[in-house]
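Student: Questions regarding the structure given below will be posed in turn.
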Amino acid sequence: MRTLLVPIDFGDASNLVVEKAGELARELPARIFLLHVDEPRAYATLGDAATLAAWPLQTPKRISKLKARLTTLANPLRASGIKVDSVAIVGLVVDDILEQAQKYRADYIILGSHGHLSARHLFSGNVFAGILKGPTCPVIVVPVKPSGLHNSGLRLRMH
């Protein structure tokens, strides 16, 4: 059985990415690991000197909420007979996606072509490029139009 690592940013593309991962999991067959990496936020404080510190938003309560959101995405896949595990962690997105791919011995990483979380576009720019450059397994990109509407077919882009 193959393993699909599916990083989720909870943006507009997330449901489509999970749906397409489910289609591929049925064809191969494969199990799916849904992953959300919650990056520490930084903030500046001004006092005698400017400082930069990590804002501890990643409380156990927050991680629990993120896991619940992953479970909501996983439930339809499970109901259709696909083995799905999910994990929410705190860390650096690119590093931790690649680390989890190794940990779970992913045969493929499946990403959406666009993330839509305000200023934090998970799967664009440096993060997307970092993921494409670093894995030891193929990366499948699910194309998503900027409007959030998806293309009808799954196009595989393996890097």
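The values are calculated or read from the model by the stated rules, or taken from the named source; none is laboratory data. All of these numbers come straight from a predicted model, not from anything done at the bench. Here the Cβ is made from the backbone with ideal geometry for all residues, glycine too, and neighbour counts use every protein chain on show. Ligands, DNA and RNA are excluded from the accessible area calculation, which covers all protein heavy atoms including side chains. Shrake-Rupley method; radii C 1.70, N 1.55, O 1.52, S 1.80 Å.
Student: Would you check if Gln58 is polar (S, T, N, Q), at pLDDT 90 or above, more than 16 Å from Asn15 (Cα to Cα) and open to solvent by less than 50 Å² (accessible area, probe 1.4 Å)? Explain how you work it out, then say what you get.
Tutor: Values: polar (S, T, N, Q): yes; at pLDDT 90 or above: no; more than 16 Å from Asn15 (Cα to Cα): yes; open to solvent by less than 50 Å² (accessible area, probe 1.4 Å): yes.
In short, no.
A quick yes/no check of all residues on (1) surrounded by fewer than 20 Cβ atoms within 10 Å (Cβ to Cβ); (2) modelled with pLDDT of 90 or more; (3) in contact with a helix residue (DSSP H, G or I) (Cβ under 7 Å, 6 or more places away or on another chain):
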| site | (1), (2), (3) |
| --- | --- |
| Lys83 | yes, yes, no |
| Lys103 | yes, yes, no |
| Tyr108 | no, yes, no |
| Gly112 | no, no, yes |
| Gly130 | yes, no, yes |
| Gly153 | yes, no, no |
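Student: Also, quick follow-up: Which pairs have Cβ atoms under 6 Å, sit 6 or more apart or on different chains, and link a residue in segment 26-41 that is farther than 16 Å from Ile131 by Cα to one that is charged (D, E, K, R)?
Tutor: Every condition considered, the pairs that remain are Leu28/Arg2; Ala30/Arg2; Arg31/Lys83; Phe33/Asp85.
Student: Collect the residues in segment 64-81 that are small (Gly, Ala, Ser) and buried (at least 17 other Cβ atoms within 10 Å of the Cβ), keeping them in residue-number order. Steps first, please.
Tutor: Of segment 64-81, the ones small (Gly, Ala, Ser) are 64, 68, 74, 79-81.
Answer for segment 64-81, where residues must be small (Gly, Ala, Ser) and buried (at least 17 other Cβ atoms within 10 Å of the Cβ): just Ala74.
Student: Between a first residue in segment 70-85 that is more than 13 Å from Val6 (Cβ to Cβ) and a second residue that is open to solvent by 80 Å² or more (accessible area, probe 1.4 Å) and of a type in the set (A, V, I, L, M), which pairs have beta carbons less than 7 Å apart while being 6 or more apart in sequence or on different chains?
Tutor: Short answer, once both residue conditions are applied: none.
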